[in-house]
Structure formats: structure tokens, C-alpha cells
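Contents: one structure, followed by commentary.
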Amino acid sequence: MAVTGWLESLRAAEKTALLQDAGNSRRRKVHYLFPDGKEMAEEYDEKTSELLVRKWRVKSALGALGQWQIEVGEPALPGAGSLGPELIKESNANPIFIRKDTKMSFQWRIRNLPYPKDVYSVCVDQKERCVVIRTTNKKYYKKFSIPDLDRYQLPLDDSSLSFAHANCTLIISYQKPKEVLVAESELQKELKKLKTAHGSDGDCKTQ
């Protein structure tokens, strides 16, 4: 089963965990190193186990490490040493696309979209396995995949999709399939078994 396959690859990856104080909360940072050289770093709220950040890094053909690519979470603040000059985009009025999941849903927020809710159309494209956003005024168009469903090889379901609009932000939610919820619960059990170090700011690093 594909769901089991991805979960097993996470279990088999070389993992390092770091527990970090972040203001009034604590974050559990987990670094994964896969056999093919890909790296994944995740950050969870220690109290709720909610995923806050997921990012990927791959080596180039010459073996050099590339930049971290954020899949879930906010771009790093200036000076955090993550995305560099790309952060200039955050300060302008163009739409800003960010994924911020909840425990029960995959969720995306698109800021700087001032149009009323009835302008937007959000649907699933089954053929391309993606979500498509359109506006009747033709001012905005975007399509994006849900990598989690691709990794678990699960179908996209239009009935799981919903959206809201408030404060110039379009919020798109996709209810997590039960297979994903079960797999995430199993993964949390595995992560809690990891020997965890305490650290200051910075990414988890393999020892």
C-alpha cells in the first residue's frame, strides 16, 4: 500500500531530533536524511504535535547542497539565513502564497487578494492532480499540487476542498484523508521515540 510505503521510508531515514524553546512554546525539529541524499527538515509544536515547517534540500549533480525549499510554513525572516534575497518579494503588494496546515486539514493562505469571495473559483483538476484557483475578473490564476497526497498516492477529492476569504487573504482548506491522519499519528509515535537534544536557534543537524 502506498501510504505504508511512504511511512516506511520516513521510518528508514536517518533522523536527528532537536527540542528548541520558541517564546512561549517549544518546537521539536526533526531532520531526515534519505538514502538518495535528499534531506527533509520538519518542525512541530511540541505540545500539539502540529506541523509548523517542512522544507526540502537536494544535492546538485556535482554534489553541492542546494537551498532549502519550503513546502509548509512561513518564509524565514531576514537574517535567519534561509532564503536570502527572495525575501524582498514579501514586502510588495503581489499575492503571497503560503502553506500553513492544521491538525485536520492541509491549508494554504494567499495574501494580498482584495477581491470578494464570490469572485473566486477553487476546484480540483483530477487529470493534473492539482488544485486550481480562478477569478471571474481574470485578475488571479494559480494551480498547485498537494505533495502529501502524491507521496501517499491518494486521489484528490473535490468534496474535501473548501475556501474562505477575509482581510484580503484567501484561505483554502483540504480535509486530510483518514489514511493520512493515521499515518501522521503513527509517525508522531516514532518521532517521540527519538533521542532528543536541546538546542538554540538553528536547524537540526545530523550528528
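The values are calculated or read from the model by the stated rules, or taken from the named source; none is laboratory data. All figures in this text were calculated on a predicted structure; none of them were measured in a lab. Neighbour counts are summed over all protein chains in view; Cβ atoms, including those assigned to glycine, are modelled from backbone coordinates with ideal geometry. Just so you know, the surface numbers come from the protein's heavy atoms only, side chains and all, with ligands and any DNA or RNA stripped out. Shrake-Rupley method; radii C 1.70, N 1.55, O 1.52, S 1.80 Å.
Whether any residue in region 171-190 is in a strand (DSSP E or B), closer than 27 Å to SER25 by Cα and open to solvent by 30 Å² or more (accessible area, probe 1.4 Å) is what I want to check.
Quick first cut of region 171-190, residues in a strand (DSSP E or B) only: 171-175.
Subsequent filtering for residues that are closer than 27 Å to SER25 by Cα retains 171-175.
Among the residues that remain, those that are also open to solvent by 30 Å² or more (accessible area, probe 1.4 Å) are: 171, 175.
Yes, region 171-190 has at least one match.
Taking SER162 as the residue in question, decide whether it is surrounded by fewer than 16 Cβ atoms within 10 Å (Cβ to Cβ), at pLDDT 85 or above and part of a strand (DSSP E or B). Walk me through it before giving the result.
Details: surrounded by fewer than 16 Cβ atoms within 10 Å (Cβ to Cβ): yes; at pLDDT 85 or above: yes; part of a strand (DSSP E or B): yes.
Yes; evaluated as a whole, the condition is true for this residue.
Give region 11-44 a look and list any residue that's surrounded by 20 or more Cβ atoms within 10 Å (Cβ to Cβ), among the aliphatic types (A, V, I, L, M) and within 13 Å of LEU187 (Cα to Cα), or say none.
VAL30, the sole residue that qualifies.
Sort out which residues of region 92-129 are of a type in the set (A, V, I, L, M, F, W, C) and free of Cβ contacts under 8 Å to residues at least 24 places away in the same chain, and write them in order of number.
Matches in region 92-129: ALA93, ILE96, VAL119.
Test ILE133 against the stated conditions and say whether it is closer than 19 Å to GLU71 by Cβ and either in contact with a Ser or Thr (Cβ under 8 Å, 6 or more places away or on another chain) or at pLDDT below 95 (or both). Can you show your working first?
Working: closer than 19 Å to GLU71 by Cβ: yes; either in contact with a Ser or Thr (Cβ under 8 Å, 6 or more places away or on another chain) or at pLDDT below 95 (or both): yes.
So ILE133 passes the test.
Cβ-Cβ under 6 Å, sequence separation 6+ or interchain: first residue in region 9-24 and in a strand (DSSP E or B), partner of a type in the set (Ser, Thr, Tyr) and exposed (fewer than 12 other Cβ atoms within 10 Å of the Cβ). Which pairs?
Every condition considered, the pairs that remain are THR16/THR206.
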